[in-house]
Amino acid sequence: MDVSVKWLSELLGTELDPQEVAHRLTMLGAPVDEIEPVHHELNDVVMVGVERVEKHPNADRLSLCHVNNGKDVLKVVCGATNVTPGKTYPFAPVGAVLPGGVKLTARKIRGVASQGMLCSAIELGIGTDADGILEVDTDAPPGTPLLEVLPLGDSRLVLEVTANRPDLLCHKGVARDLGAVIGSPVKLTPVPGAPNETLAPERVDKRGAVAGVEVVIEDVEGCPRYMAAVICGVKVAPSPMWLEARLLAIGQRPINNVVDATNYVLFELNQPMHAFDLHKLGGPEIIVRRAHDGERMVTLDGEGRTLTSEMTAICDADGATAIAGVMGGRDSEVSESTTDMVLECAYFDPKRIRNTRTVLKMSTEASYRFERGTDIQGMPEAIRRAVALIIAVAGGTEDGPPVDVYPEPRQTTTVFLRPKRVEHLLGLAIPKDEIEGGLTSLGFTVAPKDDRLAVQVPGWRPDVSREEDLVEEIARLRGYDSFPVEMRPFRPSNVPDEPLEFVKARVRRVLTGLGLHQAHSLSLGPRRGEAALQIVNPLSADEAYLRTDLISGLVEAVEYNWSVRERDVRLFEMGTVFRAGETVGLPSEQLRVTGVISGARRPPHWSEPGKSIDFDLWDVKCLFEEACRAGGPEGTIDATDGKWVLRDTNGAVRGWAGEVTADRPAWAARVYGFEVGLEDRGRRWVRFEPLPATPPLERDLALILPKGVGAAQVEEVLARAGGELLESATLFDEYRSQTVSGRSVGWRLVFRAPNRTLRDREVDRVLTKMLATLEEQMGVTRRAT
């Protein structure tokens, strides 16, 4: 949205600084992407008085003008015929740069040197009249800069408007937000030559008439409200310079006075309008209905369009004459021969307009606004403003009051706001009078109701529908930068958080701390196994089945990394797998976590020469154990068939870890993975324990484990026999040899008493008890040195 700072200044009745306006609008949630100076190229143009005009000695159609710039009398060659001695005109001296980047140089025209150029409106970029030099009625002395005589200097703001704020697509809407923070009310600018009062629209149900033109709404869903006014005796011509300059300042091309007037109201009030030539309408009547499938018409751009029954059309007795909310038709357009016209002001369904614009591949200023929602309550003000403006610039008279066809009037929305709720959401107590004053300045109607406020939402704010939206408005006006940055007390919600979310967060924290990166894969894919469930309406044949495991998706991610020459991979994923339900209907779902590792155990470093060590089975076993400890079910981990499985208390397998099959190139490392179901085992609170104040005693213990005895079983016996004195038992070595029956496993035992220094004999007694218990229960013996 391009916004004129000068236009905003007139609406607010105060001079505005572009930089300050940009800052305030950005803080209000409407960022300004760019500030563009308007007419800054005219800084070199000055006013000159013409002293005399002579015929060019070498050209019949040129004249030689003697102009006074306040210092010298200069000779200027001119081709216009309207230059008159004693009049004042804009003059660009040699060296001046005009709009379009044209730099004037001293040159001879038919043998006579011209010391500058007298300028027309189109050459100055302030109008479309190219027939003659722009005559300015002013008392300013020669040499006065043009920008001091004509208030053309302006700045254009390029405003970023989000889809939920259609009220900011016009100058009044932007001025309303701006005025609320600077304390200036918005007042429409008086139009030169406009009548003091125009006729108020007269409301009817589904059918009405104005000046003999029948207006009927058949498609109430697509067009809930339609207004029409008839203006007779207009003269279509170029717009006055002030209107052309106003449109040019926001990057719009002037067309003629009638179209420019409707565009002016569009950018002032955000109400698109359309003008029909009354004598080109069949009937004459206007019928708002659904288009017929295959119905054709030619739009204003000269293109033939084929309509469908999903579109709303504006029709006369002969057929479609405009595409509602998008573009008018060529057969009824206003031209230079138009004397009587019908002015349309309507509200169209946003969804319908969006679909129409998409199907026809058309995007106009009107459709852009209609599909975001215009103000259905503000239409009477808009049509009266447009009628007054057209009469001012094109003449004519209003032939009776406009007709307002409004079958099902809509009530304004009322939202109740509690000041306590404002304080709770913003963390800051805001006075009630500040809340009322702020909302009132934005156009809301506020009425106190006991301990709350009844707030009537204006039609131009369709985004406000609940209490939190009003709280956001209060925060915007107060300024987000004014809120304290420190944490404030808050009341937690009465709705408890989902327990599994705590489990997922804990597992995520553990696995990322171990160096894995979280990945996300699709829950749909090709069929993997007989248990895969097929969906009814797949997007593609490759995504027709629900996944039954997570590891397959991560294996594909590993193979993709290999395809781009990435050898080292560490990934994990948490997601849902699907199984057939016990009864007919939806499948059962289970939340799981899976992980894969491949390649170097840690990145290479210059301080560690030699080949890096790759991941092995023991690494994935460690990851598996940590994942089970963080979020897996209760159970025990057993070694079986070259991998580990987690069995719950009922003996069912709930997870596994081991080597994974993948399409591995020769240079890649083996892939190891794990997968385990997640479940809530209750909150696990962190318990603080102070650092020990007494020294430890350490013992290294090498044990011969018979076949079938696991390290976890040994550690359980060590913990039970060691009692309170055993602080930790860490496995640090495994040795296998033909000379040793079974396997030799080494543990480092740390003993400590919390309140005294242990003696060697105390530890020796505990160690003897450990060895005796191990040999008696599992046949574990101490390895001879």
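Listed values, structure above:
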{"read-out": "Selected residue (criterion: nearest to residue 143 (Cα to Cα)) from residues of the range 49-61 that are open to solvent by 40 Å² or more (accessible area, probe 1.4 Å) and in a strand (DSSP E or B)", "value": "51"}
{"read-out": "Cβ-Cβ under 6 Å pairs, at least 6 apart or on other chains, the range 414-427 side open to solvent by 60 Å² or more (accessible area, probe 1.4 Å), far side β-branched (Val, Ile, Thr)", "value": "425/471"}
{"read-out": "Some residue of the range 678-690 being among the aromatic types (Phe, Trp, Tyr), surrounded by 15 or more Cβ atoms within 10 Å (Cβ to Cβ) and over 30 Å from residue 548 (Cβ atoms)", "value": "no"}
{"read-out": "Members of the range 542-553 found to be within 33 Å of the chain's Cα centre (by Cα) and not in a loop (DSSP other than H, G, I, E, B), listed by number", "value": "542, 543, 546, 553"}
{"read-out": "Residue count for the range 291-302, restricted to those that are closer than 16 Å to residue 332 by Cβ and out of contact with any Leu (no Cβ under 6 Å at 6 or more places or on another chain)", "value": "7"}
{"read-out": "Residues of the range 126-174 classified as assigned to a strand (DSSP E or B) and small (Gly, Ala, Ser), total", "value": "1"}
{"read-out": "Count - residues of the range 570-583 that are within 13 Å of residue 553 (Cβ to Cβ), out of contact with any Asp or Glu (no Cβ under 8 Å at 6 or more places or on another chain) and among the hydrophobic types (A, V, I, L, M, F, W, C)", "value": "3"}
{"read-out": "Subset of the range 740-769 [touching a residue at least 60 places away in the same chain (Cβ under 8 Å), out of contact with any Lys or Arg (no Cβ under 7 Å at 6 or more places or on another chain) and not in a loop (DSSP other than H, G, I, E, B)]", "value": "760"}
{"read-out": "Any hit, the range 151-167, residues being closer than 30 Å to residue 79 by Cα, out of contact with any His (no Cβ under 7 Å at 6 or more places or on another chain) and open to solvent by 10 Å² or more (accessible area, probe 1.4 Å)", "value": "yes"}
{"read-out": "Residue pairs meeting the criteria (Cβ under 8 Å; at least 6 apart or on separate chains; first in contact (Cβ under 8 Å) with a residue 24 or more places away in the chain and more than 24 Å from residue 103 (Cα to Cα), in the range 42-64; second outside any strand (DSSP E or B) and among the β-branched types (Val, Ile, Thr))", "value": "53/83; 53/84"}
{"read-out": "Candidate set from the range 1-41 (those that are among the β-branched types (Val, Ile, Thr) and over 24 Å from residue 97 (Cβ atoms)); member that is surrounded by the most Cβ atoms within 10 Å (Cβ to Cβ)", "value": "3"}
{"read-out": "Flag for residue 443 being out of contact with any Gly (no Cβ under 9 Å at 6 or more places or on another chain) and open to solvent by less than 70 Å² (accessible area, probe 1.4 Å)", "value": "yes"}
{"read-out": "From the options 508, 476, residue that is open to solvent by 70 Å² or more (accessible area, probe 1.4 Å) and modelled with pLDDT of 85 or more", "value": "508"}
{"read-out": "Residue 528 being open to solvent by 70 Å² or more (accessible area, probe 1.4 Å), in a loop (DSSP other than H, G, I, E, B) and under 23 Å from residue 646 (Cβ atoms)", "value": "yes"}
{"read-out": "Residue match in the range 590-603 (condition: exposed (fewer than 13 other Cβ atoms within 10 Å of the Cβ) and under 17 Å from residue 615 (Cα atoms))", "value": "yes"}
{"read-out": "Check on residue 133, open to solvent by 30 Å² or more (accessible area, probe 1.4 Å), at pLDDT 85 or above, touching a strand residue (DSSP E or B) at 6+ places or on another chain (Cβ under 9 Å) and farther than 13 Å from residue 46 by Cβ", "value": "no"}
{"read-out": "Residue within the range 62-73 that is farther than 25 Å from residue 246 by Cβ, open to solvent by 20 Å² or more (accessible area, probe 1.4 Å), out of contact with any helix residue (DSSP H, G or I) (no Cβ under 9 Å at 6 or more places or on another chain) and among the hydrophobic types (A, V, I, L, M, F, W, C) present", "value": "yes"}
{"read-out": "Test result for residue 607, surrounded by 15 or more Cβ atoms within 10 Å (Cβ to Cβ) and of a type in the set (Ser, Thr, Tyr)", "value": "no"}
{"read-out": "Residue that is most open to solvent (accessible area, probe 1.4 Å) [pool: residues in the range 244-277 that are in contact with a Leu (Cβ under 7 Å, 6 or more places away or on another chain), in a helix (DSSP H, G or I) and among the aliphatic types (A, V, I, L, M)]", "value": "245"}
{"read-out": "The range 321-335 residues that are in contact (Cβ under 8 Å) with a residue 24 or more places away in the chain and among the basic types (Lys, Arg), paired with ones that are open to solvent by 10 Å² or more (accessible area, probe 1.4 Å) and part of a strand (DSSP E or B) (beta carbon under 6 Å, 6 or more apart)", "value": "330/298"}
{"read-out": "Qualifying residue in the range 399-411 (condition: open to solvent by less than 10 Å² (accessible area, probe 1.4 Å), of a type in the set (Val, Ile, Thr) and within 18 Å of residue 171 (Cα to Cα))", "value": "no"}
{"read-out": "Output for the range 82-128, where each listed residue is out of contact with any helix residue (DSSP H, G or I) (no Cβ under 7 Å at 6 or more places or on another chain), surrounded by 17 or more Cβ atoms within 10 Å (Cβ to Cβ) and at positive phi", "value": "116"}
{"read-out": "One residue from 710, 779, 723 being surrounded by fewer than 16 Cβ atoms within 10 Å (Cβ to Cβ) and over 26 Å from residue 643 (Cα atoms)", "value": "723"}
{"read-out": "Pairs where the first residue, in the range 142-168, is more than 19 Å from residue 8 (Cβ to Cβ) and the second is of a type in the set (Asp, Glu) and open to solvent by 30 Å² or more (accessible area, probe 1.4 Å), C-beta under 6 Å, 6+ apart", "value": "164/463"}
{"read-out": "Check on residue 736, among the basic types (Lys, Arg) and touching a residue at least 40 places away in the same chain (Cβ under 8 Å)", "value": "no"}
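Here is a yes/no grid of residues against (1) touching a residue at least 40 places away in the same chain (Cβ under 8 Å); (2) aromatic (Phe, Trp, Tyr); (3) in contact with a helix residue (DSSP H, G or I) (Cβ under 7 Å, 6 or more places away or on another chain); (4) not in a helix (DSSP H, G or I):
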position	(1), (2), (3), (4)
469	yes, no, no, no
473	no, no, yes, no
496	no, no, no, yes
501	no, no, no, no
505	no, no, no, no
510	yes, no, yes, no
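Per-residue answers, yes or no, for (1) in a loop (DSSP other than H, G, I, E, B); (2) under 34 Å from the mean Cα position of the chain (by Cα); (3) exposed (fewer than 15 other Cβ atoms within 10 Å of the Cβ); (4) of a type in the set (Phe, Trp, Tyr):
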{"position": "301", "(1), (2), (3), (4)": "yes, yes, yes, no"}
{"position": "321", "(1), (2), (3), (4)": "no, no, no, no"}
{"position": "325", "(1), (2), (3), (4)": "yes, yes, no, no"}
{"position": "337", "(1), (2), (3), (4)": "yes, no, yes, no"}
{"position": "367", "(1), (2), (3), (4)": "no, yes, no, no"}
{"position": "376", "(1), (2), (3), (4)": "yes, yes, no, no"}
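The values are calculated or read from the model by the stated rules, or taken from the named source; none is laboratory data. Remember, it's a predicted structure, so these values are computed and weren't measured experimentally. Glycine also receives a Cβ, built like all others from the backbone with ideal geometry; neighbour counts cover every protein chain displayed. SASA here: full protein model, heavy atoms, side chains in, ligands and nucleic acids out. Shrake-Rupley method; radii C 1.70, N 1.55, O 1.52, S 1.80 Å.
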